[in-house]
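Below: one structure, written as structure tokens.
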Amino acid sequence: MRGFNESFVKGNMVFAIADYFKYREHKGRYSFSALEKKGGRLATKENFPKPEEIPPCSTMFHHSFNSFISWLVMYYTTGAWAHCAMFTKKWLPC
């Protein structure tokens, strides 16, 4: 059984490394179009011209492009978002 476990771990490492390169290159599930399909938008002034008008208790999900820790969260949860926050009045985190 030892050989099975070692090859299983090595196989998973190959998939993890490949996924990390996709993350760094913004491809596959990490591409802008894939994130937009999930309802994601870049946090720019064009997309959020009046942040003060966002209703209290709105939820924000965060996808980072240059963070190894964020990638780990996304990889192990198989999600597109690494962090989330809920906002109260005047765009302050809860």
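Scanning the stretch 65-75 for any residue that is touching a Ser or Thr at 6+ places or on another chain (Cβ under 9 Å) and modelled with pLDDT under 80 turns up nothing.
For the stretch 67-85, give me each residue that is surrounded by fewer than 13 Cβ atoms within 10 Å (Cβ to Cβ) and farther than 16 Å from Ala16 by Cα. Once the filter is applied, which keeps residues that are surrounded by fewer than 13 Cβ atoms within 10 Å (Cβ to Cβ) and farther than 16 Å from Ala16 by Cα, the stretch 67-85 yields Cys84, Ala85. Report, by residue number, each residue of the stretch 40-55 that is touching a Phe, Trp or Tyr at 6+ places or on another chain (Cβ under 7 Å) and in a loop (DSSP other than H, G, I, E, B). If the condition is that a residue be touching a Phe, Trp or Tyr at 6+ places or on another chain (Cβ under 7 Å) and in a loop (DSSP other than H, G, I, E, B), then Ile54 is the only one that fits.
Which residues, counting only those in the stretch 44-57, are surrounded by 11 or more Cβ atoms within 10 Å (Cβ to Cβ) and in contact with a helix residue (DSSP H, G or I) (Cβ under 9 Å, 6 or more places away or on another chain)?
Answer for the stretch 44-57, where residues must be surrounded by 11 or more Cβ atoms within 10 Å (Cβ to Cβ) and in contact with a helix residue (DSSP H, G or I) (Cβ under 9 Å, 6 or more places away or on another chain): Pro51, Ile54, Pro56.
If you go through the stretch 14-39 one residue at a time, how many are in a helix (DSSP H, G or I), of a type outside the set (Gly, Ala, Ser) and under 13 Å from the mean Cα position of the chain (by Cα)?
10
Pairs linking a residue in the stretch 39-62 that is over 13 Å from Ala85 (Cα atoms) to a residue that is among the aromatic types (Phe, Trp, Tyr) and outside any loop (DSSP other than H, G, I, E, B), with Cβ atoms under 6 Å and 6 or more positions apart or on different chains, are Pro51/Trp91. Can you name the number of the only condition in (1) of a type in the set (S, T, N, Q); (2) under 23 Å from Asn12 (Cβ atoms); (3) surrounded by 10 or more Cβ atoms within 10 Å (Cβ to Cβ) that Thr88 fails? Exception for Thr88: condition (2).
The values are calculated or read from the model by the stated rules, or taken from the named source; none is laboratory data. As the structure is a computational prediction, the values presented were derived from the model and not from experiment. Cβ sites come from the backbone with ideal geometry, for glycine too, and all protein chains shown count toward neighbours.
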